[in-house]
Amino acid sequence: MEEIYGKIARGSYGCSWDAFQAYRHLKLLGYIVGRYDVPWTMKQIRSGDVTNSPDSTDGSSQSFGKANGACNDITKLLKGMRIDGMYPTFKVHLPNSKFKKSSPGVPSFLVCLLRDKPPPRDELEMVENKFGGIPLKFCQVDNGRVSFLSFDKVTLPSLP
């Protein structure tokens, strides 16, 4: 049990107290929530259906660092790096009684945890463009209070 608390406190393996609070809040609202870079089932890993990002288009299972059947640790490490600091934490599906983990489909939206203040607009647009039309929601956890933000483009009409 101490090992689990230690991992959550350090934020290792994608676990953090803020991430847990956001996950718990979404589950209480009834959403189907999964971690972004973790497959729903082992079947998806074996068949190579899972991709780490919507950008990957070739069928060589690069999302798990495999090239020609051999494990490529460098590719795996590079894909795991989060250089810009903002990335999806969860993929969220609307409540659905016919949902199957073996074929989850496209998520309704992705959730990015915000560590500090909201990022600048140009960084938000850059992150949104990476995920091919899947809406992003940003989550801020402050002293146990979970807030979700989404940003839409607003155009104001020009006045005469």
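Computed values, structure above
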{"quantity": "Residue satisfying all of: in the stretch 130-140; in a strand (DSSP E or B) and either within 14 Å of the chain's Cα centre (by Cα) or among the charged types (D, E, K, R) (or both); surrounded by the most Cβ atoms within 10 Å (Cβ to Cβ) among these", "calculated": "139"}
{"quantity": "Conditions (1) among the hydrophobic types (A, V, I, L, M, F, W, C); (2) over 24 Å from residue 20 (Cα atoms); (3) touching a Phe, Trp or Tyr at 6+ places or on another chain (Cβ under 8 Å); number of the one not met by residue 159", "calculated": "(3)"}
{"quantity": "The stretch 81-105: number of residues that are touching a strand residue (DSSP E or B) at 6+ places or on another chain (Cβ under 9 Å) and either closer than 22 Å to residue 25 by Cβ or of a type in the set (Phe, Trp, Tyr) (or both)", "calculated": "14"}
{"quantity": "The stretch 87-108: number of residues that are in a loop (DSSP other than H, G, I, E, B), more than 22 Å from residue 153 (Cα to Cα) and of a type in the set (Phe, Trp, Tyr)", "calculated": "1"}
{"quantity": "Matching residues in the stretch 109-129 - criterion: being part of a loop (DSSP other than H, G, I, E, B) and buried (at least 16 other Cβ atoms within 10 Å of the Cβ)", "calculated": "114, 119"}
{"quantity": "Some residue of the stretch 68-83 being part of a loop (DSSP other than H, G, I, E, B), of a type in the set (D, E, K, R) and modelled with pLDDT under 75", "calculated": "yes"}
{"quantity": "Selection status of residue 43, assigned to a helix (DSSP H, G or I), modelled with pLDDT under 55 and surrounded by 13 or more Cβ atoms within 10 Å (Cβ to Cβ)", "calculated": "no"}
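The values are calculated or read from the model by the stated rules, or taken from the named source; none is laboratory data. These figures come from a predicted structure and were not determined experimentally. As a convention, Cβ positions derive from the backbone with ideal geometry for all residues, glycine included, and neighbour counts pool all protein chains shown.
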